[in-house]
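Read the structure below first, then the notes.
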Amino acid sequence: MFSPHVELAITTMLEAHGLERRKAGRGFEATHALSVAMIVGDFGFAEHAIVAAILHDSLEDTTLGRDVIRHRFGEQVLAIVSDVTEPPKTLPWRTRKETYIAHLRHSPHDEARAVASADKIHNLSNLITGLEQQGVAFTDAFTSDIDGMIWYHQQVHEMLVDTWAHPILDEHGRRLDRFLTAARAAGAP
């Protein structure tokens, strides 16, 4: 997975995210970005998709500008990152999620679908662990309740399966099933 381009992406991501923590201090944003990139790489996607995976949350969650991504990595990487970027957090949670799904549905970039699926695989893995260890209380730090999370993850996976076929979606589906099982075991409807 290493190359000077990937190393520059890691540096850029660290410049943007620093040591920022994820929801409720659970892990680092940088760890998440690198995990998503490793998943994308594990499923055989090219370097530009791995670079986009490293940067996938940078437009959404940091002040890193589109022009920086364009200048350092080109239009192709910028297009992928843009396709997996939610609207601003000033909008309601459900509106952001619906807009994200609709935008990704119409993306011409399979690499964007790969990054989105890898992102959800990693997020679902963390949700499963949290639910198994702490129950539904684990979700208290999130914007949505457990019902919203279930809806969102099901909708993303369904849309991806409807618009694309790739082995990464099999793993995504397995993680979604484990999440649904963990949510039910933790007391979710």
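The values are calculated or read from the model by the stated rules, or taken from the named source; none is laboratory data. Since we're looking at a predicted model, the values are computed, not measured. Positions of Cβ are generated from backbone atoms using ideal geometry, with glycine treated the same way; all protein chains shown enter the neighbour counts.
When the test is whether a residue is within 18 Å of Ala52 (Cα to Cα) and among the charged types (D, E, K, R), Asp145 does not pass it.
Which of the residues spanning region 63-98 are under 16 Å from the mean Cα position of the chain (by Cα) and more than 27 Å from Phe43 (Cα to Cα)? Result: Pro87, Pro88, Lys89, Trp93, Arg96.
Against the list (1) in a helix (DSSP H, G or I); (2) at pLDDT 95 or above, the condition Ala24 fails is (2).
Reported count of residues in region 2-21, each being under 14 Å from His48 (Cα atoms) and at pLDDT 85 or above, is 8.
Selection of region 25-46 for residues being more than 22 Å from Asp170 (Cβ to Cβ) and surrounded by 17 or more Cβ atoms within 10 Å (Cβ to Cβ) yields Glu29, Ala30, Ala33, Leu34. For region 60-95, a tally of residues being without any contact (Cβ under 8 Å) to a residue 24 or more places away in the chain, β-branched (Val, Ile, Thr) and not in a helix (DSSP H, G or I) returns 1. Residues of region 137-189 that are surrounded by 15 or more Cβ atoms within 10 Å (Cβ to Cβ), farther than 27 Å from Asp42 by Cα and hydrophobic (A, V, I, L, M, F, W, C): Phe138, Phe142, Ile146, Ala183, Ala186, Ala188. Checked against (1) modelled with pLDDT of 95 or more; (2) hydroxyl-bearing (Ser, Thr, Tyr); (3) outside any helix (DSSP H, G or I), Ser144 passes all but a single condition, namely (1). Among the residues of region 87-101, is any loosely packed, with under 15 Cβ neighbours inside 10 Å, in contact with an Asp or Glu (Cβ under 8 Å, 6 or more places away or on another chain) and either within 25 Å of Glu158 (Cβ to Cβ) or polar (S, T, N, Q) (or both)? The answer is yes; a qualifying residue exists.
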